[in-house]
Structures are given as C-alpha cells and as structure tokens.
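The structure appears below as structure tokens.
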Amino acid sequence: MPVMFLIALILSLMWGRQGVDSQATTIQTMANNTEVPYETVIKTVSPMVSVGQCKLIPRDGSIRNTIAKAESAKLLEYKLEFANYTVNPLLVQSIRENYKANIWQKASTKHGRALVTLSFNFDVLSLSILSLGVEKHTVILKDKPVGCFGELSEKERMDNVLWLLSRDFDHESELPTIAEDDYICHQVFHTSDLTARFVDKCCSVDIHRNMTCVFEFRSVTLDVLIYFVMALKFVVFLLAPCLIPCAVYMFSRGADTFRVILKSSLQKTILLAKDPGHVNYVHRWPAQALDNFEKFQETVKTIPKDKPVKITFHDYYVTVRNDHVVTENQIPVGPFACFKYRLLQCGIRKFWACAECCNASICGLLISSCSIKWKHIGYAISGLILVTLIIPFPYWIRLIFFHVFEREELLSRSEFANKFGFNNAYEIHLVQYFFPESAIFIVCYVMYAILILLQLFFKIEPSGTYRNIVKRSFMDMHSLPFGTIIGTMVELLLKPCRFLGCLGLIISVIIWPIALPICLVCFVLSCAPILYLSYRLFVHIYTTLSHSYSKLPTNENLHTTEAGTFPSTKPSGKKMGCINKVLCIFLPFIYLCGIWCTMFLVSECFGFGLEVLIFTLIGLIVNAGSVLKYLSILFLLIIYSYECFHNVYVKYLTLNKAIFKDVFGRVKDDVTEVTQLPGHLQENRGFKSEAMVEQKRHKTPDVLSERRPMHWNINDLVLFVSKFDVHFVPVKLFYAITMIEVAGSPGPIHKSMFHAWRRFGQIVVFLVFLVMTVSLFAKIYKVGSTSQMLATLAGGIFPFVLRNFMSPKATPIELNSCTFNCKVDEVIGNFKEDWPIADLPFEVNEDQSGVESCEKVDLFIQLPKSRGPKEMLINMGWRGNNYSLGHTEDDDVHDVNGESKI
C-alpha cells in the first residue's frame, strides 16, 4: 500500500499537469514580452474613445491626496467598488484573462514589483513583515453619465479603469501621471504551451508616455527557492522515520535491568499452590506473571507445591526507567520539563491538593469494588492530548492557516479555472492542490488513527510477534551498514576484472556506464530510511512466517514436572494457523502504511514551516530598517529569558553535582570495585548507601511493595552504575533533596521557577513600556528607525547592567554547611522507593523448621486452575503491564510545603 499510495499521488499530479497542458493556449505578445494593453494604445495627445464617452470619477476626491502622501509605500492595492451598482461591473467576467478585475495594484520600484510576483499570502507567510510598506485602499467610483460603465464591454471596462489608475484617480488629467518606474498591475489567468497559472499583468509608461504591458513572472531566485523547498520536503519524507523516538518502536520507555547485591540477606516465606487453603498471605501473584523471570524459573522448580517454604534473597534485579533517574549533568528542571511532567505525564496528581482525589474511585463510595480511579482518567486524557494535539500540533497550525488565509482564495481560483475548462496548476503544497478534506488526506488521517491503535495493541499483545517485527525493522534501519552497501557495489563493479583479468578491464569500460547509474540509484534507495524500513519489515514478516512453529505462548505450555514442582515454559508444538499468518502479514503492513501516511503529513508541515522561514527572512532583509526596533526587542527578550531560567537550571545543576559527590562518597569502595573490572565482566549495578547494616538500621526492612504488585520497596538505593560506567541517581531522591529549605540550599524547584517567571514578567512589562515610549517620541519628533533601535537597546539593556554590575552579587549556594549535610543524611536515611522487579533469584533455606505450622506467608504464587480463555486474558494483562490497573498507587507524594506523604 505505501508504494501504491506514492504511485497514486504521482499519477494525480501528472493528471493535473496534463489537464493544464492539454488545454493551454498561447497568448501572443509583442517583442520584448510587451503588448498593447488590451486593444488600445494610450496616445499622448488624444484620449481613448471609451474614456470620452464614459468617465470614471472617484466619489471621494481625497484619494488623490492619500496617494500623494504615500510616497514611501512600495505597493498600493486598490479595491474598486461602484456606488450606483448593486453588482460590481468589474466582477461580471466572460474573458478568462481577467481575474478579480476589481483588485488593482500600483507597484513602485523593483521592491514593489517583487512583491507582486510573490504568493497571494506572502503577508502571513512572512509574519506580516513583508506587508510593511504595503497599503490597501478601498476606492468607491461613480460613472458619468450614470450607468454608462455597465453598458461597456469587458475590455472597454478594463481600459477605462487602467486609464483612471494611470492618472492616480485624476480624471481631469489628459496624460498619465505615474512615474516611469511605477507599474499598474492586476491578476490574469495566463496560459501558454506549458503552463496555465495565475500571474500578474503590469503596465507602465515609457519616456514618450505610451503605455505597455508585460507579464510578471517569478524571479529565477524565487523559483530556485521553491524547488529547493519541494526537494527538501521529499528528503524529509524519506528521512523522517529516523526521527521517531526509541520509546515508540521499542514499545516501552527506555529502561534497563540493574542488580543490587545485599550484604545482609533478606528472609521471606513463599507458597506455590492453586489455592492457599487456610494459609494467609501478604502478596498474591499469578504464575503467568513470572514467565519471563529466568533466574526465578531455574530455582522455583525445586520448591514443592502446596507447602510454605522459607527462602533467602541475596540480591535484587530491578527495572530502572530512564525517566526515573538523573545523570550528573542532566536534570529535569526548566519550563519545558515542568510542562512535560505536569501535563503530559499527569504529574498534577502528585500535588497535595489533588492527590486524594486522583487516588479515589470514579464511583466514589457508591461502588466500592470499582478499581478505576480518577488518575486513570487523567492518564487517558493525557494520552489523548498527546496523540491528538501535541504530536500533530504543527499540522493543526497548517490547517488553521489554510482555512483562515488560503481556503477562500484557492476556492475562488479553482472555480475561475474550472469555469474556462482548466485545472489549477500544482505549485508547492499538496494541501493547496488537493485541499485537507480530499480523499488522499482523509486516508492519511484514518491511517494515523489506526497507527495509534496498533501501537497500543502491539504493546499489550501477549505473544510479542508483531511487536518484534516492528522493533527489529526499526533497529535494522538505525544500524544500516553504509560501508557494507558501498563495498558490495564496488565488489560487483570489479568482478569482471577479478574473473577475466585484462579482458575484464576492457569489458568494464562498456559495462560501467550502465552499471554505475543503477548502483547509484540502488544506493540512494537503500539509504532512504523509509524505503529500507519497508524492506526490512517485509523481510521480518517472511522470517516469522517461515518458522515451523509459532512462538505464541499458549496455556498448554504450562505443564507439571515429574517432581510436581512449578510449571515451566517451553515452546509450543502448535503450528501457526491461517488466521495468525494473515494477521502476521496484515497488521504490520497496516502499521507500515500508517507510518508512510504520517511521514507524508510531516513532510507537508516541514515544507510549510520552511516556506514561512524563507518569507520571513526575505521580509527581514528587505525591511530591515522598519523592523530593527522589533528585532532588538526580540533579542532582549531572548537574553532575559535565558538569564532568568538558566540561572535556575545552574543552581540545581550545582546541587545535583553535590548530590552525586555525596552519594558516591557513601559507596565509593563498592563502586570502585565494580568499575575496575574488565568491560566484558561489568554489569549494571545498584548500590545502597547503608549496605553493611541495611536490614537492621530501618524499622521496616526491604519488602515487596503493598501498593504496586511486582515491585520491591527498597531502602537506601541511591546510586546506579551502568556497565558503561555512567552514574545515575533516583529522580525522586533529587526532588526530595531539593525540598530542603535551609540557608545555602536553592529550595523547592517550584518556588525557584515562580521567582524566575516573576522576574521575566517584570522585564516584559518594562520592555513593553519602553517600546511604547520610544514609538511615541519617534512619531512626534520624526526619529529614524536606526535611532529607535539604538534607543530601545540602550533602555532595554539597563536592567541587565543594573542587575549584573551595580547590584550586589547574589550569595553563592553553600552546600557544605553542617545543617544542609544533616538534612541530606536524614533524607537519604529515610529514602525508599518502589522498583519494578525484573527477576527474582533466591535460595531455599536448609532449615525449614516451623513451616508446617505457618499461618501466613509473604508471597503466594497462584498456579493456574484451568486453561480456559480467562487465563489467557490474565496473561495478556500481566505481560502488557508491570502491575494491574486496580492495584497501582502513586509514588510518594511531595506537596508544595515540602512534606513527604509516604
């Protein structure tokens, strides 16, 4: 379907182009691209016949004074209306050459003529910068004698209007009054052998006061820029899959497994049975949840069923997500980090005023068994906002821009072209050519929605078949062996020399001119990520189908060993059925189609953004004198925003470095012992700050979390070291230390961010007042743009000078004070957090005395009672998530007052 989608798109464009070319006719022009305006040449002695019979007169004579005062205007746009006509005679069109005959423009100098040739929406594309020097006037005309203008032919009306505009609405002047470098322009539908598009026809007077007209086409430079944008759009379409975050195609947030070795072992009791009977338990886990615990599976086979057993844990294996830890040089502080955490990650649920409500059931006290909480609704709303507003936000901007500024004009042009049997030519954007509500874009919207649904399904699907196909395809795309591809092509080109010797060299001279272009095309296609991704996805689909047996786990996989121990998981001998084979082909293929359609929309948004950037830069260049003041304000805003928020970031970065130094000092010997090992022997390790007495110092030792199934609640786990010697600290510990409010500490992050926003708001108010003052005095005393810019910079830099040179320096952060260190010791001493269990290795105690009379166990592993569909659903839920919906609880909540709700 991706290839068919691309072919259909190309054929649609070719059809539109051919429809234009096949019906285009050539307009004969005079030498040097000039022609007589319409059918009349304006003589220098006698006026046109139509002017003598019917004259147009401005109803308001002040329009001439207005035009005379607009000397600095580069472009004047007139909208002509008639007072004594219910329907504007200029809009009664029967000649395809005249489009919107009531809109005329007067262009002064080359700058004005360049503006005429730009897109009709150049003012909004340039953020209104190019519209500086452009004035629009509505002129109401009347004819004399009354009603004569409506009786003229269309060509005579255009001649009459041109006659009046060439005299700047001075109907009493016999000769044109416009300057030689002034042009009177209006839009026409220009057709030729190759194109049929809307251009401007501009008329001017020569030294003899005769008027000639030319078609104003885009300059070569602008054409090059447009083709450059189109080429970049295509390149972005090919390269955009590389920008997809790893968390998307890996179907999980970045995470890794870390091992935590205990110096003092942890004692627990466990029970394996289908029914606990009279034995009570603290935690219950279904057996299906432990299928992927390899070390646990190796040991649990030796445990008898239906009998409590004493076990010992010597180490933990926990899963650590990237967003749950921080590195020494990267911290989650700043306005964007706050927005991401509070809204996209539903962090508002940890605010003290919202915590209790978020953890309450949506049914309240009416239905106590309802496990859906308000925070789950918040998760769903956050995800919905992410996929409907945040991710497609650039396309929403494009749609708003289209419907507000482009739709009406494009519909008018399309209707005008179709009226005379033509198709509107393709310019640069497919959105403008097809319209957003066309079938091709509706298909893209539907495929994007299906892509989101498949993303969710692949994530929770128990077998992982579809997930692995997508994951491996993306991994292959990111590990594309460019050197191998080039080497293979070179090897193929050198094969004649290798096998035929000197004769092969002669043959190569004949073969290479044909083989080199083919190799070049193959290299480009193989290096295009979206094409290579498609190729690898089909390869992995074929590889999956070619296996003799399916890796899809079934409940029949659970079988009891001879010793009557825990069931083990083995590959099923069941062949993949026809339905599974069809789904294995169909679902990844639809997923790929969704990626193609999404990348198509991404390229459209990129082209639009690039066009806005180009037009804005052009406006800044040609109107530099008029925008200097505003550029200086923008520069000052960037400087002050960076200063306000960067200072906050630096304060907490300094604190973070001190935290790492303190934590490393607590476990220095253990970390050094691990990091000195050879690279192939190192593993991801976690370290506890009080390792020697970790289970004795605390009133409650490490336990299995009561709030989150399949989680360890671990004390003092303060440092992680990866096998690449990268150090991490739990982000929760970082936030807990920032809540310390003593002398020398930066304090809570939200307070520092509030002060930064307040300072920045004060600067914004000051700059607004400064701009208003400078503009007022510049208007009164006729101050130039350069002087306004200098005055704005001089006044705007005053707060910066006052803060950095004349005010006393701020007290540096003191993190070595006795009070702060004691508070840090207290925080670390009481620090505990829930960590997802990645594996559960243990040893069975030799001394099993007293277990027969044990009435309560720490962990009950429930073996499956049946192999019905219900068990499969349970398996899906546990494989898809680390904990179930009904038993999740938030992390320890810190309110704005710094109190920890544990």
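The values are calculated or read from the model by the stated rules, or taken from the named source; none is laboratory data. Just so it is clear, the model here is predicted, and its values are computed rather than measured. Cβ sites come from the backbone with ideal geometry, for glycine too, and all protein chains shown count toward neighbours.
Some values worked out for this structure:
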| read-out | value |
| --- | --- |
| Segment 157-208, subset under 42 Å from the mean Cα position of the chain (by Cα) and β-branched (Val, Ile, Thr), residue farthest from CYS54 (Cα to Cα) | THR195 |
| Within segment 83-115, considering residues that are among the hydrophobic types (A, V, I, L, M, F, W, C) and surrounded by fewer than 18 Cβ atoms within 10 Å (Cβ to Cβ), the one farthest from LYS201 (Cα to Cα) | ALA83 |
| Residue in segment 413-432 that is under 21 Å from VAL602 (Cα atoms), hydrophobic (A, V, I, L, M, F, W, C) and assigned to a helix (DSSP H, G or I) present | yes |
| Tally, over segment 360-394, of residues that are over 22 Å from TYR341 (Cα atoms), free of Cβ contacts under 8 Å to residues at least 40 places away in the same chain and either surrounded by 12 or more Cβ atoms within 10 Å (Cβ to Cβ) or among the aromatic types (Phe, Trp, Tyr) (or both) | 4 |
| Residue match in segment 700-710 (condition: hydroxyl-bearing (Ser, Thr, Tyr), within 33 Å of the chain's Cα centre (by Cα), surrounded by fewer than 20 Cβ atoms within 10 Å (Cβ to Cβ) and in a loop (DSSP other than H, G, I, E, B)) | no |
| Filter pass, ILE95 being closer than 30 Å to HIS403 by Cα and not in a loop (DSSP other than H, G, I, E, B) | no |
| First in segment 234-262 and touching a residue at least 60 places away in the same chain (Cβ under 8 Å) and closer than 26 Å to GLY607 by Cβ, second anywhere and assigned to a helix (DSSP H, G or I) and hydroxyl-bearing (Ser, Thr, Tyr), Cβ under 6 Å, 6 or more apart | VAL236/SER603; PHE237/SER603 |
| Test result for ALA778, among the small types (Gly, Ala, Ser), more than 20 Å from PHE313 (Cα to Cα) and crowded, with 18+ Cβ neighbours inside 10 Å | no |
| Lone unmet requirement of (1) of a type in the set (Ser, Thr, Tyr); (2) part of a helix (DSSP H, G or I); (3) at pLDDT below 75 for SER508 | (3) |
| Matching entry among ILE452, ILE397, ILE485 (being more than 30 Å from GLU97 (Cα to Cα), at pLDDT below 90 and assigned to a helix (DSSP H, G or I)) | ILE485 |
| Qualifying residue in segment 732-746 (condition: surrounded by 18 or more Cβ atoms within 10 Å (Cβ to Cβ) and over 30 Å from PRO701 (Cα atoms)) | yes |
| Selection from segment 327-355 of residues that are among the charged types (D, E, K, R) and either modelled with pLDDT under 80 or farther than 26 Å from LYS751 by Cα (or both) | LYS340, ARG342, ARG349, LYS350 |
| Any hit, segment 215-226, residues being in contact with an Asp or Glu (Cβ under 6 Å, 6 or more places away or on another chain) and touching a residue at least 12 places away in the same chain (Cβ under 8 Å) | yes |
| Complete set of residues in segment 470-522 that are hydroxyl-bearing (Ser, Thr, Tyr) and within 41 Å of the chain's Cα centre (by Cα) | SER473, SER479, THR484, THR488 |
| Residue match in segment 658-677 (condition: among the β-branched types (Val, Ile, Thr), out of contact with any His (no Cβ under 8 Å at 6 or more places or on another chain), over 28 Å from ILE749 (Cβ atoms) and not in a helix (DSSP H, G or I)) | no |
| Test: residue in segment 314-327 that is part of a loop (DSSP other than H, G, I, E, B) and either assigned by TED's automatic domain parsing to the domain that holds CYS854 or within 41 Å of the chain's Cα centre (by Cα) (or both) | no |
| Residue within segment 632-650 that is buried (at least 16 other Cβ atoms within 10 Å of the Cβ), closer than 27 Å to GLU826 by Cα and either hydrophobic (A, V, I, L, M, F, W, C) or modelled with pLDDT under 90 (or both) present | yes |
| Output for segment 206-240, where each listed residue is acidic (Asp, Glu) and over 17 Å from TRP163 (Cα atoms) | GLU216, ASP223 |
| Filter result (among the β-branched types (Val, Ile, Thr) and either surrounded by 14 or more Cβ atoms within 10 Å (Cβ to Cβ) or in contact with a Lys or Arg (Cβ under 9 Å, 6 or more places away or on another chain) (or both)) within segment 655-674 | ILE659, VAL663, VAL667, VAL671, VAL674 |
